[in-house]
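Participant: Questions regarding the structure given below will be posed in turn.
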Amino acid sequence: MNKWICTVCGYMYDPAEGDPENGVSAGTKFEDVPEDWVCPVCGAGKEDFTPEG
Amino acid sequence: MPAIEIKKDIYWVGVIDWNLKNFHGYALAHQGTTYNAYLVLDNKVTLFDTVPEKFKWELFHQIQSLIDIGDIDYIVANHLEMDHSGALPFIMDKANPEKLFCSVMGEKSLKAHFHPSDWPLEAVKDGREISLGKRTVNFIETRMLHWPDSMFSYIPNDKLLISSDAFGQNIANSNIFDDQHDLDSLIREARHYFTNIILPYSPLVLKLLDRVQEAGLELDMIAPDHGMIWRSHPDKILAAYKEFASQKLRPKAVLVYDTMWSSTEKMIRAVADALISEGIEVRVMSLKSHHHSDVMGEFSDAAALVCGSPTHNNSMMPLMADFLTYMKGLKPKNRIGAALGSYGWSGEAPSAMSRILEDAGFDLPQKPLRLQYVPGHEQLAVCKELGRALAQAIKAKVAS
Ligand SMILES: [Fe+2]
Ligand SMILES: [Fe+2]
Ligand SMILES: [Zn+2]
């Protein structure tokens, strides 16, 4: 599973960890993260993320 | 203001903005502020940060009083917000340095601000070290503290941390060191500053403080970009940041309101009375008298927020909408809320305020309370009951 990086602030979404504090459980692929989820650090939307590497 | 040597061959070359009130368009700076820049005289003469564009000549003269500005070899831009970068194009032009350092995210910010074509820009990663001759500088990335581009510069030889906006205070004073002031009032101003600028990023502050501790960084002096330099009490401001960022709450309620014909004000005062008799500390703040940033400064360590607004044209008063928008953006955590107000015929304001508080993650132990027209003795008793119930919730929250 790919990690995704927030291009605004550099936060990394790691599917192994998810974002449980904001309702995304560990093991959720970035593609399956709800569309209205936002970067927990800076508030940018999913469209501002790019795959790592 | 003359340059001041803060460590051997390291000079404060900032400027004092004595009369500033409007800080960045969203907060009030009651005591003005300073924009601190630092010049290190070493084999590589290095300038850390600049000042707003309107003070560019003053920075120029500060530098020129110590060296010829053309002798600057390196410039470090720890943060690209314009209170620290506005004078950068002018200084780049005058100094023509060999290198301009900023963080990886800073490179993007810098290009989007100044669109430079030929600046000798070098983006540095977290942990990168450069040599100035006798000294080295370690760069510490501090993304979103409080912009993506923010970083710290640490000089291990002098145990000096140049900390950008972190640990700052909005105070204009020609005595630029912490020990020249009353420590409690410095910490109070640091809290106001933290709450209005850094609060949303509290989890990152806690991580950073852990990182600093784990790395065993020795800190003899912390030099922020606003206000006083921490040379005698760096430990105190670090401890204070830990407290601010962990949002440790006290048995205190801020009652913030706007009112038309004083009915909502009467309700608020009744709630305050009940809270006081239950031993809760209160601040009663009319939005017509207090700026939203000052209400937030008081709310920083308060367990509860009580919002009062009459219903006006089916909605809350404009100042309350302003306050709630601002407050929600600062993401206070783990708080109790309540909403109330007087109304004439429709009465939407209390539930509208409640919805915003709910969205902001507040616990709302009591239903929104609305009372028609002017509250009498019996209606005020209802407000007092709400106050007593809130007091119990506050005590439970603070104890947990
Ligand atoms: Fe800033
Ligand atoms: Fe600043
Ligand atoms: Zn982000």
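Participant: Of all the residues that make up region A:1-28, how many are surrounded by 17 or more Cβ atoms within 10 Å (Cβ to Cβ) and away from chain B (no Cβ under 14 Å)?
Facilitator: 6
Participant: Also, quick follow-up: Can you pull out every residue in region B:188-201 that is closer than 17 Å to residue A:19 by Cβ and surrounded by fewer than 20 Cβ atoms within 10 Å (Cβ to Cβ)?
Facilitator: B:200
Participant: Next up: Select the strands (runs of 3 or more DSSP E) contained entirely in region B:1-74, then report the ones holding at least 1 residues which are among the hydrophobic types (A, V, I, L, M, F, W, C), within 15 Å of ligand 2 (Cβ to nearest atom) and within 23 Å of residue B:151 (Cβ to Cβ).
Facilitator: Where strands (runs of 3 or more DSSP E) fall fully within region B:1-74 and carry at least 1 residues being among the hydrophobic types (A, V, I, L, M, F, W, C), within 15 Å of ligand 2 (Cβ to nearest atom) and within 23 Å of residue B:151 (Cβ to Cβ), they are B:15-17, B:46-48.
Participant: Continuing with this model, one more query. Which of the residues spanning region B:57-82 are crowded, with 20+ Cβ neighbours inside 10 Å and within 26 Å of the chain's Cα centre (by Cα)?
Facilitator: Answer for region B:57-82, where residues must be crowded, with 20+ Cβ neighbours inside 10 Å and within 26 Å of the chain's Cα centre (by Cα): B:59, B:75, B:76, B:77, B:78, B:79, B:80.
Participant: Next up: From the residues in region B:207-251 that are surrounded by fewer than 16 Cβ atoms within 10 Å (Cβ to Cβ) and either within 16 Å of ligand 3 (Cβ to nearest atom) or under 12 Å from residue B:160 (Cα atoms) (or both), which one is nearest to the other protein chains (Cβ to nearest Cβ)?
Facilitator: So, considering only residues that are surrounded by fewer than 16 Cβ atoms within 10 Å (Cβ to Cβ) and either within 16 Å of ligand 3 (Cβ to nearest atom) or under 12 Å from residue B:160 (Cα atoms) (or both), the one nearest to the other protein chains (Cβ to nearest Cβ) is B:207.
Participant: Kindly indicate whether any position in region A:29-52 is more than 13 Å from chain B (Cβ to nearest Cβ), among the small types (Gly, Ala, Ser) and part of a loop (DSSP other than H, G, I, E, B).
Facilitator: Among the residues of region A:29-52, not one is more than 13 Å from chain B (Cβ to nearest Cβ), among the small types (Gly, Ala, Ser) and part of a loop (DSSP other than H, G, I, E, B), which makes the answer no.
Participant: Just checking, does region B:138-156 include any residue being more than 23 Å from residue B:207 (Cα to Cα) and of a type outside the set (Asp, Glu)?
Facilitator: Scanning region B:138-156, I find no residue that is more than 23 Å from residue B:207 (Cα to Cα) and of a type outside the set (Asp, Glu), so the answer is no.
Participant: Something else about it: From the list B:97, B:120, B:89, which one is at pLDDT 95 or above, away from ligand 3 (no atom under 16 Å from the Cβ) and exposed (fewer than 15 other Cβ atoms within 10 Å of the Cβ)?
Facilitator: When all the criteria are applied, what remains is B:120.
Participant: To continue, here is another question. On the given criteria, is residue B:272 modelled with pLDDT of 95 or more, within 29 Å of the chain's Cα centre (by Cα) and under 24 Å from residue B:285 (Cα atoms)?
Facilitator: Here the answer is yes, as residue B:272 does meet what is asked.
Participant: Additional query: Please list, ordered by residue number, the strands (runs of 3 or more DSSP E) wholly in region B:90-164 having 2 or more residues that are within 16 Å of ligand 1 (Cβ to nearest atom) and away from chain A (no Cβ under 14 Å).
Facilitator: Filter on region B:90-164 gives B:151-155.
Participant: Step by step: first the residues of region B:270-282, then only those that are surrounded by fewer than 17 Cβ atoms within 10 Å (Cβ to Cβ) and touching a strand residue (DSSP E or B) at 6+ places or on another chain (Cβ under 8 Å), then the one that is nearest to residue B:377 (Cα to Cα). Which residue is that?
Facilitator: So the residue we want is B:276.
Participant: Considering only region B:229-285, state which residues are without any contact (Cβ under 8 Å) to a residue 40 or more places away in the chain and of a type in the set (D, E, K, R).
Facilitator: Passing the criteria: B:235, B:242, B:243, B:269, B:281, B:283.
Participant: Moving to a separate point now. Would you check if there is a residue in region B:345-355 being free of Cβ contacts under 8 Å to residues at least 40 places away in the same chain, surrounded by 15 or more Cβ atoms within 10 Å (Cβ to Cβ) and among the acidic types (Asp, Glu)?
Facilitator: Yes, region B:345-355 contains at least one residue that is free of Cβ contacts under 8 Å to residues at least 40 places away in the same chain, surrounded by 15 or more Cβ atoms within 10 Å (Cβ to Cβ) and among the acidic types (Asp, Glu).
The values are calculated or read from the model by the stated rules, or taken from the named source; none is laboratory data. Owing to the predicted nature of the structure, the values given are computational and were not obtained by experimental measurement. Quick reminder, even Gly has a Cβ in these numbers, built from the backbone with ideal geometry, and neighbours come from all protein chains shown.
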